[in-house]
Amino acid sequence: EDARLWSEFSPDLYDIHVDVDGDRFCQKAGLREFSADRDKFRINGRKTFLRGKHDGMVFPKTGYAPTDLQSWLDVMGISRSYGINHYRFHTCCPPDAAFEAADMLGIFLEPQLPFWGTLSAPGEDKYHPEEQAFLIEEGYRMLRHFGNHPSFCMMSLGNELWGNIEHISGILRAYKDFDSRRLYTQGSNNFQWFPNINPEDDFFVGVRLSNDRLIRGSYAMCDAPQGHIQTEKPSASHNYDSAVAPQDVSFSAGNVPADQTVQIQFGTEAKTVKAVHADSPLVPNVPVVTHEIGQYETYPDFSEINKYTGPLKARNLQLFKKKAEQKGLLPLADKFFKASGKLSAACYKEELESVFRSKRLAGFQLLDLQDFPGQGTALVGILNAFMESKGSVSREDWLCSCSDSMIMAEFSSYVLESGETFSAKILAVNFSDKPLSGKNVSCTLSIDGKVLSHRETPLSPDPDENYLCAGTFTAEIPELSAPKKASFELSVNCPDRSITNSYDLWLYPKVTGIDLDGVFIFHALTDEAQSLLRQGKTVLLAPPLDSIKERSLEGAYCTDFWCYPMFSSISRSMGKPLPVGTMGLLIDNSHPALSRFPSEFYSTPQWWEIVTHSRSEILDENQTDKTVIVRTIDNFDRCHSLGLLYEYPCKNGKVVTLNADIAELSTSPEGRQFLLSLTDYCRNK
């Protein structure tokens, strides 16, 4: 009755010793029950939430996964320190030492069969009996050899599988009959646009419930529609509850009959498969885990090259460095790395908080906490491939959005204007082993360190004990004479732990009109513009975006998804639009053109309207005399020099080129303030 149970908070282990006439057997084991209860997982009866990472066996110093305990304690300990309590091993099963380390650290593991393909039934096309016999027996070997580890909580048949649904169900059913100590699923993101849940599935892992019922924030172009972080103005308001459990479900998985075929992304290529889907809309009755969330790429850190001291060499990074040098961009590489990293971290914050706002989700699996050197080089982690911080976000700030207990604000815009009311719903999520109900939440809105508004209010369950609310915080934005960055800070009064969060807000004065006296604006360098330049004047050139389409890239706020080489190739093979492939802005925030538009050196929400209504001009062969004020960061493969706002001397004067739609910018507070600053700089006095 007083047995100690294994969980993420108390990973207690027992030593079992069996001695039969000197024939001894020893085994470490844990007592636990990992179960599914409607839309949540439970560990020993207590609800838990999976904060997962993908693991693709990335060990750059050796090129192979370690088999000693300490190595796994080191890497899993780092993950644990970043709030991770779950590992999904991509099409592989780790060695025993990984299970042992997870046992000790309280991490829920989901190994997979080593398969990313199609499981056809006997008699069907592409049925491979030898391959399937190996895979099925491999599953039994996993269960026999590692089944006593309490961390072995979940098992999957593979990654993004296709095939015969009934046959897949039969394999799953046999495993469940053989070993009922863990939960099973048919795979991760199986059948892609046509997901299904079988009676044998204890939980579901995927990226959508139908074509437009999306449950993550970003997607590749070949997998469109894209997610809200890629397509919508930054906010702190999104959740996936309506996608998981919509009030009015209409089946919209492409409306393709089951006997027809569709083209899909398959691994790193395209493949034509039979369109198999359910007869009715998919409404999950098991826990839903959102698959491979994130994938916000950053620019390479070339200082990482020297860390490859083992047999694996960073030939990829060496190649990208050479490309940057050939394009004259190498002196900017470190700034590209830092600026893209800051934007990537901001995208991850919203991605994670969208998941935690979703009461109908049971967890997430990042792709990834760390960089992935394969598949064209996917630099998508906040940690590098060596599990070291890239400096884009501190561990403390990351934990604000990825922990067992969190406080969050829900609001519609990071950008506000004088006279507006800032309104934020205050939410807490708690899957820790300590209650939060009744704890006070402190909410403070400040500008330049001066408190504009402060409130304290207790948390109350809403109505589930894991989700709590502290009401709505409101504050009037005062009259401002200049733009200001405000800080909205939250903290829960918990003496035994730190539960905090913060959000930067961008506040603007009302700009009713822009004085254009002495400002010469042209769509092209006409004879009149040339004459003014000969007189030593400054000309603001704002070409129609269509006129530069052939020598520019579309404006995109969010960073590139996974990596450009892989997904541009897939898009081409499928005949779909190419990804934009850029990674945010590098801003010369000390330049006088932006003196009345205060900015960080990287993309922040105040730039969304500007970027969305812009194109970035390719300056590769035409950059010698250009001073780029706002530069778009291109991916390491294409490596263009891209200018959104730049200037250069011309004749006796100066041309300032803005590759954005002035009319569109005039419709938002931040756009008007940006134009005010720019035209003031271009004014001829």
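The values are calculated or read from the model by the stated rules, or taken from the named source; none is laboratory data. This structure is a prediction, so every number in the text was calculated from the model and none was measured. Reconstructed Cβ throughout: ideal geometry from the backbone, glycine too, with neighbour counts over all protein chains shown. Note: accessible area is taken over every heavy atom of the protein model, side chains too, but ligands, DNA and RNA are not part of it. Shrake-Rupley method; radii C 1.70, N 1.55, O 1.52, S 1.80 Å.
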- Say we look at region 398-449 and pick out the residues that are of a type in the set (Gly, Ala, Ser), modelled with pLDDT under 95 and in contact with a Leu (Cβ under 7 Å, 6 or more places away or on another chain); which of these is most open to solvent (accessible area, probe 1.4 Å)? Ser437
- Message: Within region 541-550, does at least one residue satisfy the condition of being surrounded by fewer than 19 Cβ atoms within 10 Å (Cβ to Cβ), part of a loop (DSSP other than H, G, I, E, B) and at pLDDT 95 or above?
- Response: yes
- Task: Among the candidates Glu600, Glu617, single out the residue that is open to solvent by less than 20 Å² (accessible area, probe 1.4 Å) and acidic (Asp, Glu).
- Result: Glu617
- Task: Within region 329-355, work out how many residues are touching a residue at least 40 places away in the same chain (Cβ under 8 Å), open to solvent by 50 Å² or more (accessible area, probe 1.4 Å) and not charged (D, E, K, R).
- Result: 1
- Would you say Arg42 is in contact with a Phe, Trp or Tyr (Cβ under 9 Å, 6 or more places away or on another chain) and within 27 Å of Gln186 (Cβ to Cβ)? yes
- Task: Evaluate the following for Lys61: is it touching a Lys or Arg at 6+ places or on another chain (Cβ under 9 Å), more than 17 Å from Gln365 (Cα to Cα) and among the basic types (Lys, Arg)?
- Result: yes
- Yes or no: Val630 under 14 Å from Leu678 (Cα atoms) and open to solvent by less than 10 Å² (accessible area, probe 1.4 Å)? yes
- Item | Unmet requirement for Asp125, which otherwise passes all of (1) at pLDDT below 95; (2) at positive phi | (2)
- Task: Just give me the residues in region 204-233 being touching a Cys at 6+ places or on another chain (Cβ under 9 Å) and either open to solvent by 30 Å² or more (accessible area, probe 1.4 Å) or in a strand (DSSP E or B) (or both), in sequence order.
- Result: Gln226, Gln230, Thr231
- Task: Using the structure shown, decide if Ala97 is without any contact (Cβ under 8 Å) to a residue 60 or more places away in the chain, closer than 20 Å to Leu369 by Cβ and more than 27 Å from the chain's Cα centre (by Cα).
- Result: yes
- Got a sec? Which of Glu166, Glu138, Glu110 is surrounded by fewer than 16 Cβ atoms within 10 Å (Cβ to Cβ), out of contact with any Leu (no Cβ under 8 Å at 6 or more places or on another chain) and modelled with pLDDT of 95 or more? Glu166
- Message: When you check Pro649 against the structure, is it open to solvent by 30 Å² or more (accessible area, probe 1.4 Å), touching an Asp or Glu at 6+ places or on another chain (Cβ under 7 Å), part of a helix (DSSP H, G or I) and touching a residue at least 24 places away in the same chain (Cβ under 8 Å), yes or no?
- Response: no
- Message: For the structure I just gave you, tell me whether Ala529 is surrounded by fewer than 12 Cβ atoms within 10 Å (Cβ to Cβ) and of a type in the set (Gly, Ala, Ser).
- Response: no
- For Phe191, state whether it is within 18 Å of Val286 (Cβ to Cβ) and open to solvent by less than 10 Å² (accessible area, probe 1.4 Å). yes
